[in-house]
Amino acid sequence: MVWAVLWRLTAVAALILAAVVFYFYAQLPPLTDLLDGRARGSVTMLDRGGQVFAWRGETFGGQITADTVSPHLKNAVVATEDKRFYWHLGISPRGIASAVRINMAEGRSPLSGNGGSTITQQVAKLLCLGVAYDPTQWKSEAAYEQDCRSGGMWRKIKEVPYSMAMELKYSKNDILTIYFNRAYLGAGARGFEAAAQRYFGKSAANVTPAEAAMLAGLLKAPSTYAPTGNMERARNRAAVVIGLMEEQGYLTKAEADEARAHPAELSQAAKQKSGGFFADWVMETTPDYLARDTTEDVIIETTLDQKMQAQAEEALKWVFDNKVKAGSNVQAAIVVMSADGAVRAMVGGRDLPQAGDFNRATQALRQTGSAFKPFIYATAMDLGYSPLDYVDDSPWSIYVPGSGEYAPKNYDGKFKGMVTLTQALAESRNIPAVKIQELVGRDLVKKVATDFGVAQNLADGPALALGASESTLIEMTGAYAGILNGGSAVTPYGLVALKLKGEDEELFGQGGGIGERVVSETAAHALIYMMTQVIESGTGTRARLDGREAAGKTGTTNSAVDAWFVGFTADYVVGVWMGYDKPTPMTGVTGGGLPAEIWHQVMVRITDGMPVTPLPKEVPPSRYSPPPSDYVTPEGAIAPEDVPYFDGSNPNMPGMTEDDLAEQILQDVLGQGGGN
């Protein structure tokens, strides 16, 4: 009776199992439909030389098969994951029993921890037992995959017929092919071809035994054993895999010893950890359907110069190691840009970023301080004023409707009387800056600044002149690039071309560059001359470069909450910002201090070995103090040390008394009438 019951129950169970297996068999699609299971595509970024420096999303290296991968990789996967793969029908009773014994011996429930899954069962999980991704049911693809990987008795039971159906539908090599293409292997690599390219810069068909062992070792815990995260841990895991390959006869002792003695090395691209802030910025400035939400694999050619990126990071580290108190939480950001707006390097903070980290170069809106002043003088130069014109640096106030009297103060608390516009900018004097702004018109200054790219809610009152408005470092650097290129606005850009992988046609072209003219070329060149004096004799002397002309401007906000130095040579514009993430006064930091030193260190490195090119400068003569010939250099520019300023007996103004000069300038230049 027992036998009769048992064989009948067995027969019924077998029929039910066969029916379920047949059901799944009928549902399984063709092999080619299963090789790329990603709901979204990936983005691979190339630097200006065509070298890969960053990946975003899950990369898919292309379809490979069990016949085209390296035999070492095929053997490593089988030896590590399922040594009886070629002999079972999808499930391994011996493997399950062994896993149950191990789990119970370690105090876990029978099905918790080690699952004893065959490669076929792992592929069944990768296919989510035939359940397709539905964005309305899961919050994300990651949540969908996590649900697919979850355990539970019912899912384990369902795996059995599904795995058996796969064994009947596909060959062993087909099942391995699905596995090789769909397994996640860390660092955004989906499939062994993508992982081989990501870590070693080669196809999965060409990996060595040591490289194959490291790739196969990732299957146990991709994030834990990714060599880009912890190379020592990845190599230790690879050594275990090599031992298994030797034990099962896939490697001779000599081959195994060779693999252990010469472990896998990352490719240069995989070692590259910089450029992350730049990559995030490019993703942000690229339309979502071509970047974050792309369903295709995309290649983006960019403007990044990896050498300059490393030099900028090195310069920042050097200053913080040598000039900043240990343990300081102060942050800094750097942007290196060409005059046309092409961003060559970007440092968004002191630490190497994880994807999506806060980027202080592009996302931090901070007050600009005196770094805003060049736009005031650009406006004046464009209206026909000269760097040699005068302004009265004396106590002064202006009535602001609704606010009352506004009386700007100089940072040093001193007044210098009649000074040239050049001296006023070089010494970053506040009273002259506000006076010139009010002379040329606040609205016109706003327009010039906005047209140059400083467009973040500019302040309405006279304090606009002193940098009360907020901007980002990349906007300020781009605005200064417009001064360098002769007065035309630029839109900073990092993307040069976007293409689908494997295609030559561009889907999306350069995202920025030189735009409309903002001020005349003469005005821009006059302003460049004035800005050279900031570095030669003004507040930015710590930025001075030996044997190379440079121009720039310091900026420090109230209580030194923010400190800036933005400047350029004939070749590159560099912007530097320094401050705390939570606006807090810094001690002993001004724009002419540490930011100027960081700028100097960056410029020394990125211009090393480059030809020395003079800056384009022009000094239109003052209508009130035309310089005599002995003030002009052979090149036609005013020598910095010879810029005239009023000292009561200026030889350029014979017969004029101090009172006469003051009255004339105040009437004709400032439109204020006599007095203050």
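The values are calculated or read from the model by the stated rules, or taken from the named source; none is laboratory data. On a predicted model such as this, the values are computed, not experimentally measured, just so you know. Using ideal geometry, Cβ is built from the backbone for each residue, glycine included, and neighbour counts are taken over all protein chains shown.
Quick one: which of ALA26, ALA14 is surrounded by fewer than 20 Cβ atoms within 10 Å (Cβ to Cβ), in a helix (DSSP H, G or I) and modelled with pLDDT under 85?
ALA14
Would you please name the residue that is modelled with the lowest pLDDT, looking only at residues in the stretch 198-215 that are within 16 Å of PHE60 (Cβ to Cβ) and touching a strand residue (DSSP E or B) at 6+ places or on another chain (Cβ under 9 Å)?
For the stretch 198-215, the residue satisfying everything is ARG198.
Give the residue, chosen from THR224, THR295, that is in a loop (DSSP other than H, G, I, E, B), at pLDDT below 95 and of a type outside the set (D, E, K, R).
After applying the criteria, what remains is THR295.
For VAL2, state whether it is closer than 20 Å to ALA205 by Cβ, β-branched (Val, Ile, Thr) and over 35 Å from the mean Cα position of the chain (by Cα).
no
Could you count how many residues in the stretch 308-331 are in contact (Cβ under 8 Å) with a residue 60 or more places away in the chain and either farther than 23 Å from MET578 by Cα or among the acidic types (Asp, Glu) (or both)?
So the count comes out to 1.
Being of a type in the set (Asp, Glu), in contact (Cβ under 8 Å) with a residue 12 or more places away in the chain and farther than 19 Å from MET283 by Cα is the filter here; which residues of the stretch 26-68 pass it?
Matches in the stretch 26-68: ASP36, ASP67.
With the requirement that a residue be farther than 22 Å from GLN51 by Cβ and crowded, with 24+ Cβ neighbours inside 10 Å, what does the stretch 192-209 give you?
PHE192, PRO209
Quick check, is ALA310 aliphatic (A, V, I, L, M) and closer than 22 Å to TYR184 by Cβ?
In short, no.
Tell me whether the stretch 152-159 contains one or more residues that are in contact with a Pro (Cβ under 6 Å, 6 or more places away or on another chain) and farther than 23 Å from TYR86 by Cα.
No, the stretch 152-159 has no match at all.
As an exercise: evaluate THR80 against (1) part of a helix (DSSP H, G or I); (2) within 27 Å of ALA238 (Cα to Cα); (3) among the polar types (S, T, N, Q); (4) at pLDDT below 90 and give the number of the one condition it does not meet.
Just one mismatch for THR80, condition (4).
If I filter the stretch 448-459 down to residues being touching a residue at least 60 places away in the same chain (Cβ under 8 Å) and either under 16 Å from TYR377 (Cβ atoms) or crowded, with 18+ Cβ neighbours inside 10 Å (or both), which single residue comes out as nearest to the chain's Cα centre (by Cα)?
Ranking the candidates gives VAL454 first.
Considering only residues of the stretch 266-280 that are touching a helix residue (DSSP H, G or I) at 6+ places or on another chain (Cβ under 8 Å) and of a type outside the set (Gly, Ala, Ser), which is surrounded by the fewest Cβ atoms within 10 Å (Cβ to Cβ)?
LEU266
Kindly evaluate GLU255 against the criterion of being in contact (Cβ under 8 Å) with a residue 12 or more places away in the chain and in a helix (DSSP H, G or I).
For GLU255, the condition - in contact (Cβ under 8 Å) with a residue 12 or more places away in the chain and in a helix (DSSP H, G or I) - is met.
Can you name every one of the strands (runs of 3 or more DSSP E) wholly within the stretch 487-563 that holds 1 or more residues which are modelled with pLDDT of 95 or more?
Those strands (runs of 3 or more DSSP E) span 488-491, 495-500, 513-517, 551-556.
For the stretch 389-409, enumerate the residues that are in contact with a helix residue (DSSP H, G or I) (Cβ under 6 Å, 6 or more places away or on another chain) and charged (D, E, K, R).
ASP389, ASP393
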